Amino acid sequence: MNIVYASDDGYCQHMAVSIVSLIEHNREEQLNFHILSDAISEDNKEKVRQMVKLYGRKVTFYPIEHLMKELEDKIYGLDTGRFRITTLARLLMGSILPDTVTKVLYLDCDTVVLRNLAAFYDLRLNDCIAAMAAEPTIYPEVRELVGLTEEDNYYNAGVILFNLSAWRLENMEENCLAYYNSMGGKLPFNDQDVLNYVLKDRIKRVGQTYDFITNYYYFRYSTLVEKSSAYASGESRESFHMAKHHPHIVHFASDERPWNRGNLNHYSRAYDKYLRLTPFAEAEKIKGKEGYMAAYHLMNVATFIAPKLRQYISDKYYNDKIKK
């Protein structure tokens, strides 16, 4: 398995947690880690190297600082908003990684692996270029912006199985940058929106269990189906229930993050468990967000009790923050 992460120095701790969790649940698999490094310090690189070495695995770092600058030059008006530009690194994997790497599993740093991933990695993509899980809660405005209809799935880019050979052969990197340019370098969710547009009809859908966004713990299955009519075609009530309680990969994609002091995320125990196995085990949780964590958790609880209230908050957030 070729596993890819993209990280800066600030997210190195979380990446280490994800790496350890993946190794712990895939001890029989041959794992090669490829880190797209946006100025990760030498000290943190060495910590990760030694950690991976203890497990008998290999890790390679690829500096991408210059590529991030090149992207700003190539895409006129590029503005990633509240996201660091490192998020765009997954669009560049084809040109960064060696040609001998033909298939990869890309993981966001804020993921924790809880089960074996061999079946996922061995998935046949056939004519598809990537395999991803749906994100039914995406804002309707974003879906419309990238040309998707109600019958189309919008996919989350935090976990992606890539056929890198097909990606290179069909010049998908150039296609992605061209589309980004055509949108003036401004999209609400940046590379995720780009991939949903450029790879439309070339994405193989996988179950929510492989990218379980932790907020979904508070969503009813029926609410997700209401938000996206296409969701039910690939996720049953039973499979969603299984994903919620026994996910392969949890994705801390919301503000209720386990490294914030006072967070009440249902899956934070998994993060804490694997943090203790990393060189960052003594890291303290971030202080100063306790009040916000409590308010955010109340909103999550309200999602199950009063879905329309969550919808109101979501709509307001889009109009006040993302659309602006």
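The values are calculated or read from the model by the stated rules, or taken from the named source; none is laboratory data. Please read these numbers as outputs of a predicted model, since none were measured by experiment. As a convention, Cβ positions derive from the backbone with ideal geometry for all residues, glycine included, and neighbour counts pool all protein chains shown. For the accessible areas, the whole protein counts, side chains as well, though only heavy atoms, and no ligand, DNA or RNA atoms are used. Shrake-Rupley method; radii C 1.70, N 1.55, O 1.52, S 1.80 Å.
Side notes on the structure shown:
- Spin-label zone in segment 181-223 - amide nitrogen under 13 Å from a point set 7 Å from the Cα of HIS241 along the C-beta vector: 221-222
- Based on protein heavy atoms only, the chain ends up with 46 Å² per residue of surface accessible to a 1.4 Å probe.
- Using a simple spin-label model with pseudo-atoms 7 Å out from Cα toward Cβ, GLU46 and ILE305 lie 5.2 nm apart.
- Once backbone amide H atoms are built at 1.01 Å from N, VAL104 has PHE162, LEU164 as its partners under 5 Å, excluding neighbours fewer than 5 places away on the same chain.
- Taking one quarter of the surface of the convex hull spanned by the alpha-carbon atoms of segment 60-193 gives a direction-averaged projected area of 9.2 nm².
- Phi to ³J(HN,Hα) by Karplus 6.51 cos²θ - 1.76 cosθ + 1.60 over segment 253-267, Hz, x for Gly, Pro: 8, 9, 6, 7, 9, x, 8, 8, 5, x, 5, 10, 4, 4, 9
- Computed from the alpha carbon atoms alone, the convex hull of segment 160-205 holds 72 Å³ per residue.
- Theoretical gain in end-to-end length, ARG115 to ASP201 [0.36 nm per residue, Cα-Cα removed]: 28.1 nm
- Linear extension gain, GLU144 paired with ASP73, 0.36 nm per residue minus alpha-carbon span: 22.8 nm
- Our summary gives the chain a relative contact order of 19 percent, counting only alpha carbon pairs under 8 angstrom and 6 or more residues apart.
- Based on alpha carbons, the Rg and Dmax found for segment 1-71 are 12.1, 39 Å.
- The calculated FRET efficiency for SER254 paired with THR100, based on their beta-carbon distance and R0 = 51 Å, is about 0.90.
- Accessible carbon and sulfur surface of the chain relative to its total accessible area, %, 1.4 Å: 52 percent
- Prolate/oblate/rounded call for segment 160-245, Cα gyration tensor, a/c under 1.5 rounded: prolate
- Cα radius of gyration and Dmax for the chain (Å): 18.9, 51
- Max mean-square fluctuation residue, GNM over the chain, Cα-Cα springs under 10 Å, options LEU298, LEU264, LEU148: LEU298
- Extension gain, ASP122 to ARG269: 0.36 nm times the residue separation minus the Cα-Cα distance gives 50.0 nm.
- Cα centroid separation - segment 1-58 against segment 131-151, whole Å: 31 Å
- Per-pair calculated FRET efficiency, R0 = 51 Å: SER222 and ASN171 via Cβ, rounded to 0.05: 0.80
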